[in-house]
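Peer 1: This is the structure, below, for whatever I ask next.
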Amino acid sequence: MKPLTLLLLSTISTTLLANPSLIEQAKKAGLKPIPTDKKELSKLTDPKGVITPQRVELGKKLYFDPRVSKSGLISCNWCHNLGLGGVDGVPKAIGHKWSPNPHYLNSPTVYNAVFFKRQFWNGRSASLEDQAQGPIQAGVEMAMNHDLLAKRIKSIPAYVDEFKNSYGQNVKIDLKSIANAIATFERTLVTPSRYDDFLNGDKKALSTQEKRGLKTFIDKGCVTCHNDIALGGSLKPFELKAKYKFRDVGDFLKTNKMIKVPTLRNITETAPYFHNGQIWNLRDAIKEMENVQVGYKVSGEKKSHNLDIKIMPISLTKTDINDILAFFKSLKGRKPTIIYPQLPESSVNTPKPITDSK
């Protein structure tokens, strides 16, 4: 056999062996793919078995319905636009009467939020159902009063029928049940990507550079915070290495040392970045994380409690950043098909929109 042929065979063999090892390295580092099996996925998105087609459709209508807000202008989709990666594309959220978020907080994506361990930037909610109640009530967001919300929805005959069909004849239509319906719809907003295909065993799903980026992402300790299925979504300490250069934009960091780690899924679609939306370029965002954070590696056996935790200041070369950027592109997921719903018409009894200063 010719030397060139031997070299080619050796290269192919090495590549085939390397792919499974990278998959195993990723999983050992705490990375998990979105399951392909519907039953396994349902255990994650619907652990209590509450999702039905009727509830999803009702929740979708309420998600897009601006009448859930005091002004009758702002829907959930206002800040979490499903056509724009689940975000609004501005640095700080804008709500009722054009009010900017008082803490200068950026709207996080709603896609894959079902996998987050905590909701809101300070992690104050543990579920989508609880989180959905917050913006509806917040004066600078949707500014809706509990009683007014219930009156609005109960005055619309088609909504009353849908609630009964979805939750039973004795359902109470109020803030909680409305938020639960919205959250049920949000539980379906899952976006599997080529990254998931790779971790699920498709060795050709990622390019050579994307695989290098994934390995760099692991080796540099980025998985310390961006891990599990969500590639984020849990509370972690921030500014472990240095101060974030835009820390004084807004007052969030003055009272919060722990921050919900933003998901990296669909990251190329969700600029601007960080809690106050001050960085628009993804390359600059990676560089800032290099400056601000540290990673760590753990060795030893958990069962023996003899763990060696090594703190690693993150240091990235230009090639590293290019490779990580390539890897991030593989995180752009396949979106569920969302058809904008025709919303049920108001009745003569439906409370009018409130847009003045009162």
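The values are calculated or read from the model by the stated rules, or taken from the named source; none is laboratory data. The model shown is predicted, which means the values in this text are computed figures rather than measured ones. When we count neighbours, we look across all protein chains shown, and the Cβ atoms used for this are built from the backbone with ideal geometry, even at glycine.
Peer 1: Given the conditions (1) in contact (Cβ under 8 Å) with a residue 24 or more places away in the chain; (2) of a type outside the set (S, T, N, Q); (3) assigned by TED's automatic domain parsing to the domain that holds LYS60, and given that VAL171 satisfies all but one, which numbered condition is not satisfied?
Peer 2: VAL171 satisfies every listed condition except (1).
Peer 1: Of the residues in the range 56-78, how many are outside any helix (DSSP H, G or I) and not aliphatic (A, V, I, L, M)?
Peer 2: 6
Peer 1: Which numbered condition in (1) farther than 30 Å from SER347 by Cα; (2) exposed (fewer than 15 other Cβ atoms within 10 Å of the Cβ) is the only one that GLU210 fails?
Peer 2: (2)
Peer 1: Let me ask something else about it. Mind checking whether some residue in the range 62-79 is under 26 Å from ALA138 (Cβ atoms), within 18 Å of the chain's Cα centre (by Cα) and free of Cβ contacts under 8 Å to residues at least 24 places away in the same chain?
Peer 2: Checked the range 62-79: at least one residue is under 26 Å from ALA138 (Cβ atoms), within 18 Å of the chain's Cα centre (by Cα) and free of Cβ contacts under 8 Å to residues at least 24 places away in the same chain.
Peer 1: A further question follows. Evaluate the following for THR270: is it hydroxyl-bearing (Ser, Thr, Tyr) and modelled with pLDDT under 95?
Peer 2: Against the criterion (hydroxyl-bearing (Ser, Thr, Tyr) and modelled with pLDDT under 95), THR270 does not qualify.
Peer 1: Also: Any residue that is surrounded by fewer than 17 Cβ atoms within 10 Å (Cβ to Cβ) and small (Gly, Ala, Ser) - is there at least one of those in the range 183-199?
Peer 2: no
Peer 1: If I go through the range 220-247 residue by residue, how many of them are farther than 18 Å from LEU331 by Cβ and either in a helix (DSSP H, G or I) or basic (Lys, Arg) (or both)?
Peer 2: Selection size over the range 220-247: 5.
Peer 1: State whether one or more residues within the range 230-239 are modelled with pLDDT of 95 or more, within 30 Å of ASP37 (Cβ to Cβ), surrounded by 21 or more Cβ atoms within 10 Å (Cβ to Cβ) and among the polar types (S, T, N, Q).
Peer 2: No, the conditions are met nowhere in the range 230-239.
Peer 1: Within the range 62-78, which residues are of a type outside the set (Val, Ile, Thr) and buried (at least 22 other Cβ atoms within 10 Å of the Cβ)?
Peer 2: Within the range 62-78, LEU62, TYR63, ASP65, ARG67, SER69, LYS70, CYS76 qualify.
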